[in-house]
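These notes concern the structure reproduced below.
The values are calculated or read from the model by the stated rules, or taken from the named source; none is laboratory data. It should be emphasised that the depicted structure is a prediction, and the values quoted were computed from it without experimental measurement. Virtual Cβ from ideal backbone geometry, glycine too; neighbours counted across all protein chains shown. We work out accessible area using only protein heavy atoms, side chains counted, and drop any ligands, DNA or RNA first. Shrake-Rupley method; radii C 1.70, N 1.55, O 1.52, S 1.80 Å.
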Amino acid sequence: ATTGASVNGSQIQTMNNSYDRIYRIDTGKTHLANINIILSSIGATMPVIDGKFHLILENAGIPDSSEAVPPVTALPITATITDDHVIGAITVATASVNDKFNQIKVDYTDFTNNSQPSSVISPDPVEDSTDIRVNYLAEDNNKRLEGNFAFPSIYDSVSAKKIATLLLKKSRGQPVLNLTASPIAMSCVPGDFVRIQSDALKINDVYRVTASTVNEDHTTSLSCIRHIPDF
């Protein structure tokens, strides 16, 4: 939020709530393209459910409080899907080398420095007192896997650092499942939580639905990502 007519220096007050953004709308892009830029910058989706757009802000499990991190046991489970409910096969996709990182740099716009480009790194090599980067490197056979993302709509370092840390965690531990399920999954919509219990795959975890399609034979095709509230 600004405290004066100028948008420079100390006259900018950042709320540090991770969701304040400032955009320059590119009129050369389509309306949908601009909406998608805005949605992706705050970790939101806008799926069509029952013929209407629904704005869903990424959260750990409590839609009304994006900052709250409930335990997995407190998540509302829409359906429990076992091997008996799966039609055909389950495909599992884990992060490839190109999608997995042990350090991420986020570029942002620093309004407290006359809107100059700036960047933050997670884990910060200087401030990494918990050896997170060392541990990640050890897990990756000491191969540096660095990612660089640009969020010019972010204008404070706290939000940029938080986004960098979230992207880092997400890249390391969230497999994606694609499956077709019996009518037990017909009520599942994007944002819902399902428990996948598969003896064949040795899986018993909570997943969040990212896409769902009800088929003509009353089965439901689901795409789900493993849900770890801290991420």
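Of all the criteria given as (1) within 20 Å of residue 225 (Cα to Cα); (2) open to solvent by less than 80 Å² (accessible area, probe 1.4 Å); (3) without any contact (Cβ under 8 Å) to a residue 60 or more places away in the chain, the one not satisfied by residue 28 is (1). Looking only at segment 86-113, residues that are under 28 Å from residue 184 (Cβ atoms), open to solvent by 50 Å² or more (accessible area, probe 1.4 Å) and not in a strand (DSSP E or B) come to 4 in all. If you check 206, 189 for being open to solvent by less than 60 Å² (accessible area, probe 1.4 Å), not in a loop (DSSP other than H, G, I, E, B) and not acidic (Asp, Glu), only one passes: 206.
Quick one: is residue 152 under 13 Å from the mean Cα position of the chain (by Cα) and part of a loop (DSSP other than H, G, I, E, B)? Write out each step before concluding.
Values: under 13 Å from the mean Cα position of the chain (by Cα): no; part of a loop (DSSP other than H, G, I, E, B): yes.
No.
Selection within segment 54-84: residues that are of a type in the set (D, E, K, R) and not in a loop (DSSP other than H, G, I, E, B). The member of this set that is least open to solvent (accessible area, probe 1.4 Å) is 83.
Restrict the check to segment 111-124 and report whether at least one residue is within 30 Å of residue 54 (Cβ to Cβ) and touching a residue at least 60 places away in the same chain (Cβ under 8 Å). Explain how you work it out, then say what you get.
Filtering segment 111-124 for residues within 30 Å of residue 54 (Cβ to Cβ) gives none.
So far as segment 111-124 goes, no, none of its residues is within 30 Å of residue 54 (Cβ to Cβ) and touching a residue at least 60 places away in the same chain (Cβ under 8 Å).
Screening the candidates 183, 125 for the property of being surrounded by fewer than 19 Cβ atoms within 10 Å (Cβ to Cβ), at pLDDT 90 or above and over 22 Å from the mean Cα position of the chain (by Cα) yields one hit, 183.
The residue that is most open to solvent (accessible area, probe 1.4 Å), counting only those in segment 31-53 that are assigned to a helix (DSSP H, G or I), farther than 17 Å from residue 211 by Cβ and of a type in the set (A, V, I, L, M, F, W, C), is 32.
With touching a strand residue (DSSP E or B) at 6+ places or on another chain (Cβ under 8 Å) and over 19 Å from residue 20 (Cα atoms) as the only criterion, which of 181, 200 stands out? If you could, list the steps in order and put the result at the bottom.
Values: 200 fails: touching a strand residue (DSSP E or B) at 6+ places or on another chain (Cβ under 8 Å).
Going through 181, 200 in turn, just one is touching a strand residue (DSSP E or B) at 6+ places or on another chain (Cβ under 8 Å) and over 19 Å from residue 20 (Cα atoms): 181.
In the list 48, 72, 106, which residue meets the criterion of being under 30 Å from residue 183 (Cβ atoms), of a type in the set (A, V, I, L, M, F, W, C) and touching a residue at least 24 places away in the same chain (Cβ under 8 Å)?
Details: 48 fails: touching a residue at least 24 places away in the same chain (Cβ under 8 Å); 106 fails: under 30 Å from residue 183 (Cβ atoms).
After applying the criteria, what remains is 72.
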